[in-house]
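This report refers to the structure that appears directly beneath it.
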Amino acid sequence: MSKAKAADIDFNSLDFSYKDLPYRYQAEYHNGQWEPGELTTDSNVQLSEAAVVLHYGQEVFEGLKAYRRKDGGVNLFRPDRNAKRMRQSAERLLMPGYPEADFIEAVKEVVKANSDFIPPYESGGSLYIRPFLIGTSPIVGVKPGNDFIFRIYVTPVGAYYPGGLRPTAFVTSEFDRAAHGGTGQAKVGGNYAASMLPGEEAHRAGFSDVVYLDPREHHYIEELGSANFFGITKDGQFKTPKSPSILPSITKFSLLELAEEMGMHPVETPIGIDELDQFEEAGAMGTAAVISPVGSITHQAKKHVFYSETEVGPKTKALYDRLTAIQYGDEKGPAGWVVDV
Ligand code: PLP
Ligand code: COI
């Protein structure tokens, strides 16, 4: 793949795809400690054919974004939360976490080094940041390795679900992405491998993504593809599922606070798939998804339409406007949410 050139990119029509930018950050772990990391230009990672990540999936990752402000500066949104969640995910797979303060410094360094590729404020795009951690020791039996690579690449992106704020259709699946007591709370590659077949089935049937149901009873909503779910009730409650097998979404925790501030009573609670009638509006929330309105959910061939299949609802739009205004630096949010690069 050839290196991307900023002059060749149309920042106003970005999709959610990889571009090989000039710099990435890499640090290695050997003999029980992290070695100093540095920027590198090589977008390939060289591994032993027996590297544990290739066979047993010892991998965790994160996703966050850098936002170009109107004044030309650059914001990160709650990178301390990503640093912490990555350490927690790593613990689940017996990997050494990358120190949280170093994580934030490394993110800043790689964003600054690729700053020509941060989409302009007016484009509505952002620079997606993908930190990841892999086990590199050559291992044949199933056990954790002793050698690791921490790496961060970045790529400019637009909307994750085509259409951005246009509602899309979702469908439930017979498949699960994570088991009860499994790795659903951790951001590990294996969860996403398990989601590929159901995701592909949903796409082929014309849906934008899957609504996963809880792995024990297949009754309660878990999450949506690569995002958490929310519904807004007729009396203005902002409800989102509580479950031990979903990703603790940073966007969700942020919207729980913003919903409170905006007078929508926020609740984390189990939500049955037969309880959709209570919601006037619904959406997917996540770093990639931002807030993507859910137009409908189809379950066992029955379609439930929320506010509209073509128009975003007013409360979803208000949450989207407030969240993105904070991220892009147009409005002040709660203390510490936005970090200047
Ligand atoms: N759920 C899944 C499965 C995800 O992949 C993501 C994306 O990171 C989310 C939820 C949303 O999490 P966050 O808001 O931290 O990006
Ligand atoms: C994110 O929102 O950062 C995600 O992880 C989604 C991704 C898997 C595309």
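The values are calculated or read from the model by the stated rules, or taken from the named source; none is laboratory data. Keep in mind it's a predicted model, so treat the numbers as computed, not measured. Please note: Cβ atoms are built from the backbone with ideal geometry, for glycine as well, and neighbour counts cover all protein chains shown.
Within region 250-271, restricting attention to residues that are of a type in the set (Val, Ile, Thr) and surrounded by 19 or more Cβ atoms within 10 Å (Cβ to Cβ), the residue that is nearest to residue 172 (Cα to Cα) is 271. For the structure I just gave you, tell me whether residue 217 is among the acidic types (Asp, Glu), more than 18 Å from residue 271 (Cα to Cα) and more than 12 Å from ligand 1 (Cβ to nearest atom). Here the answer is no, as residue 217 does not meet what is asked.
Where strands (runs of 3 or more DSSP E) fall entirely within region 33-78, those with at least 2 residues that are within 14 Å of ligand 1 (Cβ to nearest atom) are at 59-61, 64-68, 74-77.
With 302, 234, 252 as the choices, which residue is modelled with pLDDT of 95 or more, of a type in the set (Lys, Arg) and farther than 21 Å from residue 177 by Cβ?
Among 302, 234, 252, only 302 is modelled with pLDDT of 95 or more, of a type in the set (Lys, Arg) and farther than 21 Å from residue 177 by Cβ.
For region 111-164: of the residues being charged (D, E, K, R) and over 25 Å from residue 95 (Cα atoms), which is modelled with the lowest pLDDT? Once the filter is applied, the top-ranked residue is 122. Screening 199, 190, 206 for residues that are surrounded by fewer than 20 Cβ atoms within 10 Å (Cβ to Cβ), in a helix (DSSP H, G or I) and at pLDDT 95 or above leaves exactly one candidate, 190. Under 8 Å between Cβ atoms, which residue pairs at least 6 apart in sequence (or on different chains) link something in region 144-172 that is among the acidic types (Asp, Glu) with a partner that is at pLDDT 95 or above? Filtered contacts from region 144-172: 147/28; 147/29; 147/30; 147/135; 147/136; 147/137. Against the test of being under 22 Å from residue 279 (Cβ atoms), touching a strand residue (DSSP E or B) at 6+ places or on another chain (Cβ under 7 Å) and among the small types (Gly, Ala, Ser), the options 225, 199, 189 yield a single qualifying residue, 225.
Please go through region 165-182 and give me each residue that is surrounded by fewer than 18 Cβ atoms within 10 Å (Cβ to Cβ) and closer than 11 Å to residue 216 by Cβ, ordered by number. Across region 165-182, the qualifying residues are 179, 180, 181. Screening residue 239 on (1) among the charged types (D, E, K, R); (2) within 24 Å of residue 267 (Cβ to Cβ); (3) modelled with pLDDT of 95 or more; (4) within 16 Å of ligand 2 (Cβ to nearest atom) shows it passes everything except condition (4).
Every listed requirement among (1) closer than 25 Å to residue 19 by Cβ; (2) at pLDDT below 95 is met by residue 181 save one, (1). If you filter region 145-187 down to residues that are part of a strand (DSSP E or B) and out of contact with any Asp or Glu (no Cβ under 9 Å at 6 or more places or on another chain), you find that the one that is farthest from residue 225 (Cα to Cα) is 151. If you filter region 97-123 down to residues that are surrounded by 17 or more Cβ atoms within 10 Å (Cβ to Cβ) and in a loop (DSSP other than H, G, I, E, B), you find that the one that is farthest from the chain's Cα centre (by Cα) is 114.
Take the residues of region 5-28 that are in contact with a helix residue (DSSP H, G or I) (Cβ under 8 Å, 6 or more places away or on another chain) and over 12 Å from residue 41 (Cα atoms): which is surrounded by the fewest Cβ atoms within 10 Å (Cβ to Cβ)? Applying the filter and picking the extreme gives 12. Take the conditions within 15 Å of ligand 1 (Cβ to nearest atom), over 15 Å from the mean Cα position of the chain (by Cα) and either on the phi > 0 side of the Ramachandran plot or not basic (Lys, Arg) (or both) and apply them to residue 294. Does it pass? When the stated conditions are applied, residue 294 passes them. Scanning region 12-32 for residues that are more than 16 Å from ligand 1 (Cβ to nearest atom), within 21 Å of the chain's Cα centre (by Cα) and hydrophobic (A, V, I, L, M, F, W, C) turns up 14, 21. Within region 212-228, the residues that satisfy the criterion of being over 13 Å from the mean Cα position of the chain (by Cα) and within 16 Å of ligand 2 (Cβ to nearest atom) are 212, 222. Among the criteria (1) on the phi > 0 side of the Ramachandran plot; (2) more than 11 Å from ligand 1 (Cβ to nearest atom), the one residue 225 does not fulfil is (2). Considering only residues in region 261-290 that are of a type in the set (Val, Ile, Thr) and more than 16 Å from ligand 2 (Cβ to nearest atom), the one that is farthest from residue 221 (Cα to Cα) turns out to be 267. Within region 86-96, is there a residue that is assigned to a strand (DSSP E or B) and surrounded by 20 or more Cβ atoms within 10 Å (Cβ to Cβ)? No, every residue in region 86-96 fails to be assigned to a strand (DSSP E or B) and surrounded by 20 or more Cβ atoms within 10 Å (Cβ to Cβ).
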